[in-house]
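In what follows, a single structure is set out as structure tokens and then discussed.
What follows draws every value from the coordinates through simple rules; no lab data is involved. Since this is a predicted model, take the numbers as computed values, not measurements. Backbone-built Cβ (ideal geometry, glycine too); neighbour counts: all protein chains shown.
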Amino acid sequence: MQQSLTKKPMSEKTSECCGSGKCCCGSHSKKFYLAVVFLVGLFIFWGFRVAEMWTSISGDYPREITVEGEGKGYAVPDIAKLTLGVSTTGAKSDLVVAENSKKVNKVIEELKTFKIDAKDVKTVDYYLGQNYNYKGELDGYMLNQSMVVIVRDFNQIGEIVTKTSKVGANSIGGIVFEVENKVDVKSRAREEAIKNAKATAANIEKQTGLKLKDIKSYYEYENISYDGKGGYGGDMMSAAPAPEIQPGQEEMVLKVSLTYQVD
């Protein structure tokens with residue numbers, strides 16, 4: 001009796017199977033590969049994180065120190081800003097506006113006699129509103145107009161106040177004295193402030209042993225004050241004797257901050 005033997009094709013390969021009876025070795029290899037890649041990636045990620053944290057803790061970054069200095073500059077003010085106000089009340093708004101305009105024009109004409117330039121007169125407030133009596137009933141209108149006048153000859157201030165009040169300026173605001181060009185006084189204050197800040201840095205080096213290198217940043221801010229100031233306030237319904245005006249001296253205080261890199 002002859003038995004026929006069936007041969008498997010050469011192209012077929014015998015696959016080893018798991019105990020479950022299913023062929024899965026290829027699947028296991030793929031999972032193993034992915035696991036290895038994941039672990040390597042995780043290792044690299046945490047390696048960088050640990051290095052970053054260690055750098056932060058160990059202080060491996062540019063160290064800096066900031067010092068401050070203060071300087072002062074002085075100058076005599078060369079301009080005065082005077083606020084003149086004109087107020088008018090009346091039964092009808094159009095009449096109030098017309099009357100107030102007449103008064104303002106008279107004030108401006110008076111200012112021209114003192115050779116005040118048109119660019120030195122500026123309207124800063126104009127308000128037209130209603131007036132009511134104690135019963136809450138409309139009782140006419142009021143108009144307030146204010147202008148700031150720059151006076152360059154301080155000897156004229158008292159006379160300007162007296163004469164403008166005669167022609168319609170019935171309220172006088174404060175007089176503020178200023179230095180028109182603050183570049184020079186600010187430069188002197190800055191020079192002193194930087195000098196003082198650098199002196200502080202030198203003392204820190206000497207007392208601590210730190211080595212300060214280049215200046216990495218600079219910051220400044222200023223404060224202006226006066227040791228003399230004139231002013232008026234309130235209504236001036238009638239002319240008063242021209243007062244003597246003392247402009248005093250303007251003081252500019254400049255503070256600076258210098259940030260040094262520490263070696």
*Based on the mean of other beta carbon atoms within 10 Å per residue, what is the order of 128-136, 101-109, 252-260, most packed first?*
252-260, 101-109, 128-136
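Going by average Cβ neighbours within 10 Å, how do the peptides 84-93, 29-38, 210-219, 180-189 rank, with the highest at the top?
Numbers: 84-93: 17.8, 29-38: 10.1, 210-219: 12.4, 180-189: 15.2.
Output ranking for 84-93, 29-38, 210-219, 180-189: 84-93, 180-189, 210-219, 29-38.
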*20 Å Cα-Cα reach of Lys103 towards lysines, excluding residues that sit fewer than 8 places from it in its own chain*: Lys92, Lys112, Lys115, Lys119, Lys122, Lys163, Lys166
*Over the stretch 77-180, relative contact order from alpha-carbon pairs under 8 Å, at least 6 apart, %*: 51
_I'd like the projected area of the stretch 77-180, averaged over all directions, using the convex hull of its alpha carbons. Report it in nm² with one decimal._
7.0
*asked:* For the stretch 152-199, place one equal point scatterer on every Cα, skip the solvent, and apply the Debye formula. What is log10 of I(q)/I(0) at q = 0.15, 0.24 Å⁻¹?
replied: -0.61, -0.91
*Compare the peptides 112-124, 64-76, 154-166 by average per-residue count of other Cβ atoms within 10 angstrom and give them in order, highest first.*
154-166, 64-76, 112-124
*Within the set of other residues whose C-beta is less than 14 Å from the C-beta of Leu111, count the net charge using Lys and Arg as +1 and Asp and Glu as -1.*
+4
*Determine, from the Cβ-Cβ distance of Asn181 and Gln261 and an R0 of 45 Å, the FRET efficiency 1/(1 + (r/R0)^6), rounded to the nearest 0.05.*
0.80
